[in-house]
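Trainee: Submitted below is the structure of interest, expressed as structure tokens.
The values are calculated or read from the model by the stated rules, or taken from the named source; none is laboratory data. Just so you know, these numbers come straight off a predicted model, no measurement behind them. Ideal geometry is used to build each Cβ from the backbone, glycine not excepted, and the neighbour counts take in all protein chains shown.
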């Protein structure tokens, strides 16, 4: 009911309290909407059934398992209680609760019985198997030809999701491997896979999988990459492109427990950490894909540019960069420079205002420089910083200065008049983007140095002087 309220300054306002609906809500005309960020998006077609499955009237975690409280695994309960009381993420008022109260506080028990979440984390092996959807993990190793050469399986339901993370990391020998990278006159040993990255991906797979459906978690180990494949699709409102920003918990209770036990980052920052760790080490960013009933995240085994590690490390030590600034610097350092649109796509940032948040102090500190204006603006790491870490050893045409590119175009047109944009691009260097060549041609045309005839794909360019001679 709306109520008329009086503010401290004497003004009046109407207070309208709306209870949160635990299930799926619709408008009077039968339409469904989902709130994503600051906007509401319509839910259409098959996604209506998917929404009803993801937002049931009673969450799967809170459902009664009919397993009595005393049936918990004593060892798992003792480790859980010790972990909560030793955690620096838990309030003192929570740590002071009894074991019985802690189970209720975290939704692991209701009354005299355990919830399904309680069985998943603290139940016996038999009770966990009886759930039917407890997570099973398979790790499969492939050779260069894609043939299976080894396999590890955790499918007996003996371990809780919390214990699975440690078991997978500890028992897979590939995670113990390392190799050397050159750093000037010295060589540095680096792990094949970063422990924090692997653990975060495992935690995300366990916390965000739909526990209303069966399906194993797969770790596909190839000579050059690791793929983590999770059953189910991404939550509604999240796409592979927006995973860096999106913050949607499919299993609230499980996510809360993993956070309080110190096994996952705070809400919305887990995938940021993966980006930060990989890019700061000179590795490519993680690549996410979504299929009909699976989500796959791929990370690379080897470091592509060891110099990027030194660049980010020295820049961070000098300017105390934020996580977003380190990610942005890592993206730019692994490229030859990106336009505003390309950088926005890499960071899933829409608009210059949102991109400015990711750039932070990088422009003010001189770490990153720009060329051009508005959407055609190009961002690149300052040459002085590239020289410091020897990332400037190769001069490529993709980072060519505008005046040098224009000189190449003029030279090309002098030899091959009446050429298309594609022909010019092919002759001067295919590594230069077509958009960059077209932008330079437009600038030369505006300056009166180049003329053209025809439109769109039939447009042909020639030097202005050549056009005057023909007349």
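Trainee: Would you mind finding the one in 409, 432 that is touching a residue at least 40 places away in the same chain (Cβ under 8 Å), touching a helix residue (DSSP H, G or I) at 6+ places or on another chain (Cβ under 7 Å) and either in a helix (DSSP H, G or I) or not assigned by TED's automatic domain parsing to the domain that holds residue 378 (or both)?
Mentor: 409
Trainee: Any residue at all in the stretch 97-106 that is more than 29 Å from the chain's Cα centre (by Cα) and buried (at least 19 other Cβ atoms within 10 Å of the Cβ)?
Mentor: Filtering the stretch 97-106 for residues more than 29 Å from the chain's Cα centre (by Cα) gives 97-105.
The next check asks that each one be buried (at least 19 other Cβ atoms within 10 Å of the Cβ); those that pass are 102-103.
Yes: the stretch 97-106 contains one or more residues that are more than 29 Å from the chain's Cα centre (by Cα) and buried (at least 19 other Cβ atoms within 10 Å of the Cβ).
Trainee: Let me ask something else about it. Would the stretch 456-468 turn up any residue that is touching a helix residue (DSSP H, G or I) at 6+ places or on another chain (Cβ under 9 Å), farther than 29 Å from residue 342 by Cβ, outside any helix (DSSP H, G or I) and not assigned by TED's automatic domain parsing to the domain that holds residue 341?
Mentor: Within the stretch 456-468, one or more residues are touching a helix residue (DSSP H, G or I) at 6+ places or on another chain (Cβ under 9 Å), farther than 29 Å from residue 342 by Cβ, outside any helix (DSSP H, G or I) and not assigned by TED's automatic domain parsing to the domain that holds residue 341.
Trainee: Considering only the stretch 161-170, I want to know if a residue exists there that is over 26 Å from residue 249 (Cβ atoms), in a strand (DSSP E or B) and without any contact (Cβ under 8 Å) to a residue 12 or more places away in the chain.
Mentor: Applying the first criterion (over 26 Å from residue 249 (Cβ atoms)) to the stretch 161-170 yields 170.
Now narrow it down to the ones that are in a strand (DSSP E or B): none.
No, because not a single residue in the stretch 161-170 is over 26 Å from residue 249 (Cβ atoms), in a strand (DSSP E or B) and without any contact (Cβ under 8 Å) to a residue 12 or more places away in the chain.
Trainee: To continue, here is another question. Quick one: residue 141 ticks every box in (1) at pLDDT 95 or above; (2) not assigned by TED's automatic domain parsing to the domain that holds residue 217 except a single one, so which number is it?
Mentor: (2)
Trainee: Which of the residues spanning the stretch 127-146 are free of Cβ contacts under 8 Å to residues at least 24 places away in the same chain and over 30 Å from residue 173 (Cβ atoms)?
Mentor: If the condition is that a residue be free of Cβ contacts under 8 Å to residues at least 24 places away in the same chain and over 30 Å from residue 173 (Cβ atoms), then 130 is the only one that fits.
Trainee: Look at residue 273 and say whether it is closer than 23 Å to residue 330 by Cα and part of a strand (DSSP E or B).
Mentor: No.
Residues checked against (1) touching a strand residue (DSSP E or B) at 6+ places or on another chain (Cβ under 6 Å); (2) at pLDDT below 65:
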residue: 3; (1), (2): yes, no
residue: 15; (1), (2): yes, no
residue: 28; (1), (2): no, yes
residue: 49; (1), (2): no, yes
residue: 71; (1), (2): no, no
residue: 88; (1), (2): no, no
residue: 95; (1), (2): no, no
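Trainee: Among the strands (runs of 3 or more DSSP E) confined wholly to the stretch 59-155, which include 3 or more residues that are closer than 20 Å to residue 216 by Cα? Give the steps one after another, and end with the answer.
Mentor: On the way: elements: 64-68, 113-115, 137-142, 148-154.
By residue number, 137-142, 148-154.
Trainee: Out of all the residues in the stretch 423-431, is one or more surrounded by fewer than 14 Cβ atoms within 10 Å (Cβ to Cβ), at pLDDT below 85 and under 26 Å from residue 373 (Cα atoms)?
Mentor: Yes: one or more hits.
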